[in-house]
Amino acid sequence: MMVLIVEVKYFNDKLVDRSGSALYNISHCDGLFLCVTNDNDNDNYNNYRLVVWNPCNGQTRWIKPRNSYNFFDRYSLGYEKKENNSLRNHKVLRFMDNYNWCTEQGLRDFEIYSLNSDSWKVVHLNPDWYIESDQRGVSLKGDTFWFAREKFQRLGVMNDFLLCFDFTNDKFGPRLPLPFSSSHLDTVALSSVREDQLAVLFQRCGTSRVEIWISDKIEHDAVSWRNCFLAVDMMKPLTPFKLQSNAASFLVDEKKNVAVVLDKDNVYRPTRDVAYIIGKEGYLETVDLGGSTNEDCPPLVCSYVPSSVQIKQAGP
């Protein structure tokens with residue numbers, strides 16, 4: 001397993017990597033990366049491009065839009081499960097559910113691209129939930145899990161939950177419970193463990209306590225949780241301690257009972273990227289990851305398992 005660390009910049013939902021190239025989004029599944037780029041590094045919708053890339057063998061596959069890509073688009077990469085596990089139909093989910101205050105119009109679009117058929121399929125959906133712009137989906141066993149919230153909070157209703165997009169049946173599953181209840185000011189982030197379990201980081205606003213929970217069993221329509229994996233008060237020797245991003249980036253090492261959380265070095269004038277190493281005994285170490293190109297750029301970390309999977313190419 002390899003660890004990939006990228007510094008990204010949130011600016012109107014845009015991501016920019018260290019080299020300055022216009023990388024708007026990145027996700028991975030099954031050894032493949034899905035990258036959203038903009039050739040001219042501006043917000044012209046016509047310049048958005050989508051590419052699937054296998055860094056292990058260098059293969060790429062550029063994906064043409066059904067109509068056009070949009071500034072508000074969200075993406076995830078997954079695959080349809082077959083009886084023969086070696087035969088996988090990789091797919092891309094593209095969706096947006098926003099309100100444009102300039103035009104006073106709602107923007108809603110859900111569609112799925114199949115690499116096997118080289119075609120888009122429209123999914124008709126009117127969700128009563130939303131996924132915040134800084135939340136990143138996590139791929140597990142070919143499906144993608146998201147942290148989501150109820151659009152209109154109501155008493156007696158689960159207002160924060162997990163959602164899974166099932167790439168085999170091309171639909172979102174039921175709301176899955178979290179081991180805690182959060183508000184929109186709290187930090188909630190997702191990560192994968194051994195590519196078959198989900199880890200959730202939680203920090204309540206106004207506290208220095210960081211909790212990490214790991215699922216016991218998880219499928220697209222059900223989840224159960226173990227006891228809390230880590231619960232650490234980060235107040236000492238870090239005073240104060242509040243993760244900068246409401247969707248932090250982290251990795252878990254179950255064997256060593258530690259977690260690595262990436263963040264900025266300072267709340268008010270951040271200049272460097274850092275990694276906080278925490279264990280069951282509490283805070284262990286801060287590792288300097290180097291200078292930050294922009295104080296608004298949160299570092300992103302993910303585990304990557306190299307794969308020789310071949311990317312099916314589009315026909316002539």
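The values are calculated or read from the model by the stated rules, or taken from the named source; none is laboratory data. All figures in this text were calculated on a predicted structure; none of them were measured in a lab. Neighbour counts run over all protein chains shown; Cβ positions are idealised from the backbone, glycine included.
Couple of notes before you dig in:
- One residue stands out in the stretch 91-129 among those that are at pLDDT below 75 and either hydroxyl-bearing (Ser, Thr, Tyr) or in contact with a Gly (Cβ under 6 Å, 6 or more places away or on another chain) (or both): the one that is surrounded by the fewest Cβ atoms within 10 Å (Cβ to Cβ), namely THR103.
- Total residues in the stretch 67-90 satisfying the condition of being under 20 Å from THR144 (Cβ atoms), at pLDDT 80 or above and assigned to a loop (DSSP other than H, G, I, E, B): the figure is 6.
Per-residue answers, yes or no, for (1) assigned to a loop (DSSP other than H, G, I, E, B); (2) among the aliphatic types (A, V, I, L, M); (3) closer than 21 Å to GLY78 by Cβ:
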| position | (1), (2), (3) |
| --- | --- |
| PHE152 | yes, no, no |
| MET158 | yes, yes, no |
| PHE161 | no, no, yes |
| CYS164 | no, no, yes |
| THR168 | yes, no, yes |
| PHE180 | yes, no, no |
| LEU185 | yes, yes, no |
| ALA189 | no, yes, yes |
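- A Cβ distance below 7 Å, combined with a sequence gap of six or more or placement on separate chains, defines the contacts here; from the stretch 290-316, residues that are of a type in the set (Lys, Arg) reach residues that are part of a loop (DSSP other than H, G, I, E, B) and at pLDDT 80 or above in the pairs LYS312/LEU115; LYS312/ASN116.
- Some residue of the stretch 126-134 being touching a strand residue (DSSP E or B) at 6+ places or on another chain (Cβ under 6 Å) and polar (S, T, N, Q): no
- The single condition among (1) within 15 Å of the chain's Cα centre (by Cα); (2) without any contact (Cβ under 8 Å) to a residue 12 or more places away in the chain that SER119 does not meet is (1).
- Every test in (1) modelled with pLDDT under 95; (2) under 24 Å from LEU243 (Cα atoms) is passed by PHE145 save one, and that test is (1).
- Filtered by the rule that a residue be on the phi > 0 side of the Ramachandran plot and either part of a strand (DSSP E or B) or of a type in the set (Lys, Arg) (or both), the stretch 192-208 gives a lone residue, ARG194.
- Only one of the numbered conditions (1) buried (at least 20 other Cβ atoms within 10 Å of the Cβ); (2) touching an Asp or Glu at 6+ places or on another chain (Cβ under 7 Å) is violated by SER208, and that is (1).
Residues are listed down the side, and each one gets a yes or a no for (1) hydroxyl-bearing (Ser, Thr, Tyr); (2) more than 22 Å from the chain's Cα centre (by Cα); (3) modelled with pLDDT of 80 or more; (4) loosely packed, with under 12 Cβ neighbours inside 10 Å:
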position: TYR283; (1), (2), (3), (4): yes, yes, no, no
position: LEU289; (1), (2), (3), (4): no, no, yes, no
position: SER292; (1), (2), (3), (4): yes, no, no, no
position: PRO299; (1), (2), (3), (4): no, no, no, no
position: SER308; (1), (2), (3), (4): yes, yes, yes, yes
position: PRO316; (1), (2), (3), (4): no, yes, no, yes
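Residue-wise test of (1) over 14 Å from the mean Cα position of the chain (by Cα); (2) within 15 Å of GLU132 (Cβ to Cβ); (3) among the polar types (S, T, N, Q).
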| position | (1), (2), (3) |
| --- | --- |
| ASP160 | yes, yes, no |
| LEU163 | no, yes, no |
| ASP166 | yes, no, no |
| ASN169 | yes, no, yes |
| GLY173 | yes, no, no |
| SER181 | yes, no, yes |
| HIS184 | yes, yes, no |
| ALA189 | no, yes, no |
| ARG204 | yes, no, no |
